[in-house]
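Notes for the one structure printed next.
The values are calculated or read from the model by the stated rules, or taken from the named source; none is laboratory data. Because the structure is a prediction, the values reported are computed rather than measured. For neighbour counting, all protein chains shown are included, and Cβ atoms are generated from backbone atoms with ideal geometry for every residue, glycine included.
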Amino acid sequence: MEIVTKIAPIILALIMLGLGLGLKLEDFTRVLKTPKDFLVGFFSQLIILPVVAYLLIMILKTPPEIAIGVMIIAAAPGGVTSNILTKFANGDVALSITLTAIISLVSIFTVPFIVFTSADLLGIGNITENISMTGIALKMFLVVTVPVFLGMIIRKFFENFVSTKTEIFNKLNLVLFVIFFIAAFYEERENFINFLKQAGLIALILNITMMIIAFYIAKCCASGLAQRKAISLECGLQNGTLAIFVSTQIFGADILYVLPTGAYALIMYITGFIFIYFLRKSN
């Protein structure tokens, strides 16, 4: 995992820079106009997802090394690809962008808290020997928060140019993730089948379960079908690059802790498109 460990911070920073370039102040103030939809997505992502992940770990009696990897991916915010797939699903793209932006920014606090709390509950006591909660939060601030704000500043001064290139930036973000995933796959190609055997089942169950739960929570509490689509996809498509970054910062190149992230990253696109297919078919 040496290549992945080295390039993860760079790729993540570029992805978050791309996210910042696509953001406007309205993406944050929109929360004040439609707080209910945002709060449903926020609650589903930050509370329900980690709880569901932990319950699955208990039910499936997942080994601690795999379990903490599952909690890391569950703690990660939605990825920018959720915005793209929400658009493809005819969902509320504005809501998806707002959720991705705000949850990504608060992730410097929520991810360390969820991961370290999970480690205590799972009995993984040596996690604090590698890095402190403050240490991981600071590293996340440098590769997540700073690039997002830098992207927003660049957009502020070059609005006319940047606003016409938003689609290009979204596609570049997707390309960066694909490059990162291919690099990870190539480096660990001999262990790929083993990855899916060890972490594939819980990753698949978590992904499908959470999209369904989020959809029906949104059905009860959110405004309409477009919002349900956005919230369910936001909860199903996580920022895999950020999860791998966190894993490698805490556990170094130990592949066991990265297994669930790699499995989830592969599975979530397949299930995401299947989910969209049924959503579009039911319209």
| said: Just the residues that are in contact with a Gly (Cβ under 6 Å, 6 or more places away or on another chain) and among the hydroxyl-bearing types (S, T, Y), please, taken from region 137-168. | reply: T166
| said: If a residue counts only when it is crowded, with 24+ Cβ neighbours inside 10 Å and touching a Pro at 6+ places or on another chain (Cβ under 6 Å), which helices (runs of 4 or more DSSP H) contained entirely in region 1-92 have at least 3 such residues? | reply: 64-75
| query | Has region 162-170 got any residue that is part of a helix (DSSP H, G or I), at pLDDT below 75 and under 17 Å from the mean Cα position of the chain (by Cα)? | reply | yes
| remark: Checked region 72-102 for anything closer than 30 Å to L122 by Cβ and among the small types (G, A, S); matches are A74, A75, A76, G78, G79, S82
| task | Kindly indicate whether any position in region 258-273 is buried (at least 24 other Cβ atoms within 10 Å of the Cβ), in a helix (DSSP H, G or I), at pLDDT 90 or above and of a type outside the set (K, R). | result | no
| remark: Here the qualifying pairs (Cβ atoms under 7 Å; residues six or more apart or on different chains; first in region 6-17 and over 18 Å from F251 (Cα atoms); second surrounded by fewer than 18 Cβ atoms within 10 Å (Cβ to Cβ)) come out as L17/L150
| Within region 18-52, which residues are without any contact (Cβ under 8 Å) to a residue 40 or more places away in the chain and among the acidic types (D, E)? | E26
